[in-house]
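The values are calculated or read from the model by the stated rules, or taken from the named source; none is laboratory data. No experiment lies behind these values; they were computed from the predicted model shown. Heads up, the Cβs are rebuilt from the backbone with ideal geometry, glycines too, and the neighbour counts pull from every protein chain shown. Keep in mind that these areas ignore ligands, DNA and RNA; they rest on the heavy atoms of the full protein, side chains included. Shrake-Rupley method; radii C 1.70, N 1.55, O 1.52, S 1.80 Å.
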Amino acid sequence: MRPRPGQAIPLGGIGAGYIALDADLTIERAAMFNDWSNPMRVIRGFHLVVLGDEPVFLQGNPGRNVETPPHYLKAEIIDVDAVWPRVVYKFNGPVEEVEVYTPIIAGDLKNSSLPLVYVKVKGNAAVALSFPNLTGRRYGRANFSVKRRGVSGVLMTNLRASQCDPAHGEIFIGCAGCNTYAGYSVYIPSSGRGMTEDISVFRRLKDLADPEAYYIEKYAREEIAGVVWKEVKGEDLFVITWFARGRPYNYPYGHYYENFFQDAVSVAEYALANKLEPNIPVDAGGWLGDALRNSLYVLSATSWLTKDGRFALYETPFIAPLMNTIGSMTWDGAGFALLELFPDLVVQSDEVFARYRRGGEIPHDYGEESIEDPIYGATYLTPWKDLAPTWILMIYRDYYYTGDASVLRRNIDAMRDAVNWLIGLDNDGDCVPDSQGRNDNSYDGSNMYGRSSYIASLFLCALTAFIKSLEALGLPVDEKYRRCLERGKKSFEELWNGRYFIAWKHGDRVKDACMSSQLLGQFWCDMLDLPPIVDDQKIKTALMSIYELGFKASKYCIPNSVTPDGKPDEETPQLRSCWTRVNFAVAAHMILRGLEREGLALAEREWGTISGLNPWNINSRIDAATGENVGLQYYISSPTVWLVYLAERKKQGLWPPRRTSA
């Protein structure tokens with residue numbers, strides 16, 4: 001799909017950091033050195049240039065961030081096609097195409113976690129690549145030319161950076177047989193106003209003697225870059241690599257790539273020797289094929305992969321930088337997609353929650369920019385009721401997907417603790433944990449009281465999964481669990497109003513609204529081949545009500561809550577908003593329940609709204625009235641469109657790839 005200006009595509013290995021390229025082949029932001037939550041946005045000196053008497057810049061806005069831009073002769077970008085993790089720019093001229101990509105390869109964690117971006121140039125011309133030295137603070141930056149048998153280029157580092165500096169590390173640009181120039185002083189005083197960029201280096205590059213080493217002098221405010229160039233004949237491959245060496249307070253964990261490489265040059269040598277290509281197997285075309293691949297951008301933009309192999313995604317890198325948040329299809333939703341690509345990472349990540357449990361209470365996340373300091377609900381007054389059932393279902397899903405009973409065996413005690421804790425939150429004997437208002441679940445900007453359909457459906461399916469887990473392991477099932485399940489099912493049925501399960505009921509207080517998540521637990525049951533918690537006709541009727549009322553309420557997406565007459569619920573901004581992550585689960589559920597036409601229509605409309613906003617920055621919520629992003633950026637749940645694809649494959653008998661005996 002063609003990105004619009006301002007829609008930047010992040011490229012980089014899992015947990016390695018990234019460079020985000022705009023539609024005009026400039027860098028919108030970069031986070032190469034442990035700075036996911038504070039990426040560098042003012043970047044000068046990155047260029048792709050066709051050399052000649054008058055250099056031609058292969059960028060729509062080469063003077064981005066330059067106070068007084070010089071005159072640039074620019075090539076026309078005639079087309080851009082972005083399907084993560086690859087962006088292809090097309091031109092008329094001696095350079096016909098520039099392809100920028102990173103090798104995300106399903107099942108191959110080593111090669112998918114490289115601090116690497118390839119730049120493939122097709123055409124016949126002398127082409128130069130420049131990149132700024134962004135390491136450490138300015139004073140101390142130094143560039144060195146490197147010439148080895150398999151690679152030539154410029155290594156950029158900082159001679160003064162310490163271990164506590166997040167940007168302590170190095171950057172390398174190069175290719176096989178590149179010419180090098182280490183002494184590019186990028187930003188200089190203008191003859192007019194302020195500062196400008198010195199682009200004369202590209203006019204003189206073929207005749208310049210390479211200084212081979214170049215330093216920023218003490219007290220200087222200089223900005224420096226490295227330049228490599230080569231005569232491209234048909235096709236050639238350049239690389240941009242980096243290597244973070246720091247152990248700053250916000251990320252003391254190191255990087256997975258450190259297990260295999262010593263520096264940025266060795267990464268480049270490996271990349272050029274192996275010429276790796278992305279491989280994300282997806283059997284879907286059209287809007288869904290684009291959606292599946294592009295929604296995985298979070299693997300570049302917001303992921304951690306530590307030296308010892310621990311994995312996490314930011315809930316969002318800004319405002320709430322919590323790691324691996326669960327509840328209402330956040331990490332729990334993204335995990336469905338990532339099981340298809342890196343199942344071991346998902347299982348390992350899901351099991352972490354058991355180690356962090358507090359009695360039977362499962363945490364909301366691993367911590368705030370930490371994987372060792374969990375938070376138990378983002379609000380503190382009452383415990384969240386949806387986290388423990390969500391986690392139980394995640395563990396059962398991982399067992400169901402892998403067929404590995406040891407997943408259950410390792411976690412069954414924690415599952416029992418969680419179930420008992422949830423039962424203990426039932427104050428009125430209906431076998432549904434009581435909601436207490438005070439934002440006590442993932443709807444943390446809204447209140448639910450008493451018996452809510454969202455919590456009831458999740459709990460009852462989680463209880464079903466726990467019972468099935470005991471049976472799969474050959475362990476006895478205490479009859480109290482079966483009795484609670486049957487009582488809870490009857491309580492859930494009492495929320496039925498003939499069209500849908502109402503939002504909640506507490507004594508005489510009733511909220512009669514149609515929530516998109518009212519059957520979220522039943523979705524998990526259907527996806528995992530667990531027995532239903534309510535009769536089939538009510539499920540189908542409720543799904544159709546969500547669909548019909550939701551389409552009536554908004555032309556953009558299904559609101560979180562809709563009034564009985566088909567209007568967005570205005571009680572809170574959160575309820576009148578759309579959580580596309582839940583809506584993709586609704587669409588998948590419809591497909592599983594034989595409402596394929598409606599499910600695909602719902603999903604396509606949701607993705608159409610997302611792609612019109614920015615498919616490489618999917619927000620946590622969209623305003624149902626205006627269709628605008630109003631939530632948290634680069635949200636953890638971005639890949640949940642995969643639920644639609646997996647539901648289709650399940651209907652065809654293709655998911656999961658391994659079956660259990662349960």
Could you tell me which of the residues Gly608, Gly631, Gly594 is touching a Ser or Thr at 6+ places or on another chain (Cβ under 8 Å) and open to solvent by 10 Å² or more (accessible area, probe 1.4 Å)? Gly631
Tally, over region 376-409, of residues that are in a helix (DSSP H, G or I) and in contact (Cβ under 8 Å) with a residue 24 or more places away in the chain: 20
If you go through region 510-517 one residue at a time, do you hit one that is touching a helix residue (DSSP H, G or I) at 6+ places or on another chain (Cβ under 7 Å), within 18 Å of Ala603 (Cα to Cα), assigned to a helix (DSSP H, G or I) and modelled with pLDDT of 95 or more? no
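Residue-wise test of (1) assigned to a helix (DSSP H, G or I); (2) touching a strand residue (DSSP E or B) at 6+ places or on another chain (Cβ under 7 Å); (3) open to solvent by 10 Å² or more (accessible area, probe 1.4 Å).
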position	(1), (2), (3)
Phe523	yes, no, no
Asp526	yes, no, yes
Ile533	no, no, no
Ile539	yes, no, no
Leu543	yes, no, no
Ile546	yes, yes, no
Phe551	yes, no, yes
Ile558	no, yes, no
Asp565	no, no, yes
Search region 225-249 for residues being touching a Pro at 6+ places or on another chain (Cβ under 7 Å) and at pLDDT below 95, and hand back the single one that is nearest to Asn124 (Cα to Cα). Gly246
Over region 44-61, the set of residues under 10 Å from Glu197 (Cα atoms) and open to solvent by 10 Å² or more (accessible area, probe 1.4 Å) is Arg44
Inspect all residues belonging to region 516-538 and state whether any of them is of a type in the set (Ser, Thr, Tyr) and under 31 Å from the mean Cα position of the chain (by Cα). yes
Among all residue pairs at least 6 apart or on different chains, which show Cβ distances below 6 Å where the first residue, located in region 322-340, is open to solvent by 10 Å² or more (accessible area, probe 1.4 Å) and the second is of a type in the set (D, E, K, R) and in a loop (DSSP other than H, G, I, E, B)? Leu322/Glu315
Being part of a loop (DSSP other than H, G, I, E, B) and either on the phi < 0 side of the Ramachandran plot or touching a residue at least 60 places away in the same chain (Cβ under 8 Å) (or both): is that true of Ala209 here? yes
Starting from residues that are acidic (Asp, Glu) and open to solvent by less than 40 Å² (accessible area, probe 1.4 Å), keep the ones in region 195-209 and report whichever is nearest to the chain's Cα centre (by Cα). Glu197
Inside region 154-189, can you point out the residues that are outside any loop (DSSP other than H, G, I, E, B), out of contact with any Lys or Arg (no Cβ under 8 Å at 6 or more places or on another chain), within 19 Å of Leu114 (Cβ to Cβ) and open to solvent by 20 Å² or more (accessible area, probe 1.4 Å)? Leu155
Restricting attention to region 151-160, does a residue exist that is over 24 Å from Glu96 (Cα atoms), touching a Ser or Thr at 6+ places or on another chain (Cβ under 7 Å) and of a type in the set (D, E, K, R)? no
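Quick test for you: out of Gly93, Gly107, Gly52, pick the one residue that is farther than 25 Å from Glu235 by Cβ and in a loop (DSSP other than H, G, I, E, B).
Going through Gly93, Gly107, Gly52 in turn, the sole match is Gly107.
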When you check Leu345 against the structure, is it surrounded by fewer than 24 Cβ atoms within 10 Å (Cβ to Cβ), touching a strand residue (DSSP E or B) at 6+ places or on another chain (Cβ under 7 Å) and part of a helix (DSSP H, G or I), yes or no? yes
When the residues of region 263-307 are filtered to those that are open to solvent by less than 20 Å² (accessible area, probe 1.4 Å) and among the aromatic types (Phe, Trp, Tyr), which remaining residue is nearest to Ile9 (Cα to Cα)? Tyr297
Could you tell me whether region 18-27 includes any residue that is within 15 Å of Ala167 (Cα to Cα) and crowded, with 23+ Cβ neighbours inside 10 Å? yes
Members of region 433-447 that are assigned to a strand (DSSP E or B) and either open to solvent by 30 Å² or more (accessible area, probe 1.4 Å) or among the charged types (D, E, K, R) (or both): Gln436
Scan region 234-279 residue by residue and report those that are in a helix (DSSP H, G or I) and within 22 Å of the chain's Cα centre (by Cα). Tyr256, Tyr257
Is there a residue being more than 16 Å from Ser349 (Cβ to Cβ) and of a type in the set (D, E, K, R) anywhere in region 392-399? no
Might you check whether a residue that is farther than 24 Å from Leu345 by Cα and modelled with pLDDT under 95 occurs anywhere in region 415-422? no
Considering each of Leu296, Leu276, Leu305, Leu288 in turn, give the residue that is over 30 Å from Cys175 (Cβ atoms) and in contact with a helix residue (DSSP H, G or I) (Cβ under 7 Å, 6 or more places away or on another chain). Leu288
State yes or no: is Asp430 open to solvent by less than 10 Å² (accessible area, probe 1.4 Å) and either without any contact (Cβ under 8 Å) to a residue 12 or more places away in the chain or charged (D, E, K, R) (or both)? yes
Could you identify the single residue in Gly474, Gly424 that is closer than 24 Å to Asp526 by Cα, of a type outside the set (S, T, N, Q) and open to solvent by 40 Å² or more (accessible area, probe 1.4 Å)? Gly474
